[in-house]
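Only the coordinates and a few stated rules stand behind these numbers; no lab work does. The structure presented is a predicted model; accordingly, all values stated were derived computationally and were not measured. Using ideal geometry, Cβ is built from the backbone for each residue, glycine included, and neighbour counts are taken over all protein chains shown.
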Amino acid sequence: MLQERNLFVAYNPNGSSENPHEPHFDPEDPDHATLIIPVFFLYPQYATSDFIAQFVEDTTFSAHLAQMFPPQAPPPDWDKAGQYTANILVVYAMTRRKRLLKVGKKMTLRDVCIAAKAKEGEPKDGLELKDGCLTFVVVPKGGVEQNWVDEFKRTARLELNHN
């Protein structure tokens, strides 16, 4: 089920998991073909995160962001600059091979899994399930986004050169 969705399990070096949630098929789907996956949204600008225990793979990222960061609502306590509103946020996925995928607002989790697949003839690639969860980075468009992308690319190059 995971490989056909380009998902790779990254095993915890100490062997234990503290996450009580794990990917599973949607019990309400009569075909048992829709996955529900725990997801972390990381906000590196503020070194904080949100956990979505049950992200249905056919749900768009914009649906989650609109619910979490509605434009008319006050910003979260940690958002000191008031930049986290759904309409100006950008989501990124990082693949196992350190590729960076920009997630479009209308993309579903399933779409991102498909986009994470390696091109023909390249080594296998996809998203990593760490401790049973997928991780996505959420940043506001503009300078914060560009700084994070530049730092990710710099760090990824260093990691790839050391391996």
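In vacuo Debye scattering of segment 53-95, one point per C-alpha: log10 I(q)/I(0) at q = 0.14, 0.30, 0.32 Å⁻¹?
-0.37, -1.11, -1.16
For L2 paired with A73, estimate the spin-label separation in nm (one decimal), with each label point 7 Å from Cα along the Cα-to-Cβ line.
According to this spin-label approximation, the distance is 3.1 nm.
Provide the FRET efficiency to the nearest 0.05 for the L160-K105 pair, computing r from the beta carbons and using R0 = 41 Å.
The calculated FRET efficiency here is 0.90.
Quick one: length gained pulling K98 to K119 fully straight, 0.36 nm per residue minus the C-alpha distance?
6.2 nm
If you average the sequence gap of Cα pairs under 8 Å that are 6 or more apart and divide by the length of the chain, what percent do you get for the contact order?
Averaging sequence separation for qualifying contacts and normalising by length gives 29 percent for the chain.
Using a Förster distance of 41 angstrom, determine the FRET efficiency expected from the C-beta separation of Q146 and D29, and round it to 0.05.
After rounding, the FRET efficiency stands at 0.55.
Between beta-carbons, use under 12 Å as the cut-off and find the net charge around N161, counting Lys and Arg +1, Asp and Glu -1.
+2
So who's got an amide H within less than 5 Å of the one on T48, skipping anything under 5 residues away but keeping other chains? H placed 1.01 Å off N, in plane.
Y43
Provide the convex hull volume over Cα atoms per residue for segment 3-162, in Å³.
About 143 Å³ per residue, rounded to a whole number.
Separation between the K130 and A63 pseudo-spin-labels, each 7 Å from Cα along Cα→Cβ, expressed in nm?
Label-label distance for K130 and A63, simple model: 2.7 nm.
Taking the Cβ of E128 as the centre, find all other residues whose Cβ is under 11 Å away and add up their charges (Lys, Arg: +1; Asp, Glu: -1).
It works out to a net charge of +2.
Could you order the peptides 84-95, 117-128 from most to least packed, using the average number of other C-beta atoms within 10 Å per residue?
Listed from highest to lowest mean packing, they are 84-95, 117-128.
Where Lys and Arg each count +1 and Asp and Glu each count -1, what net charge lies around F40 among other residues with Cβ under 9 Å from its Cβ?
Around F40, the surrounding residues sum to 0.
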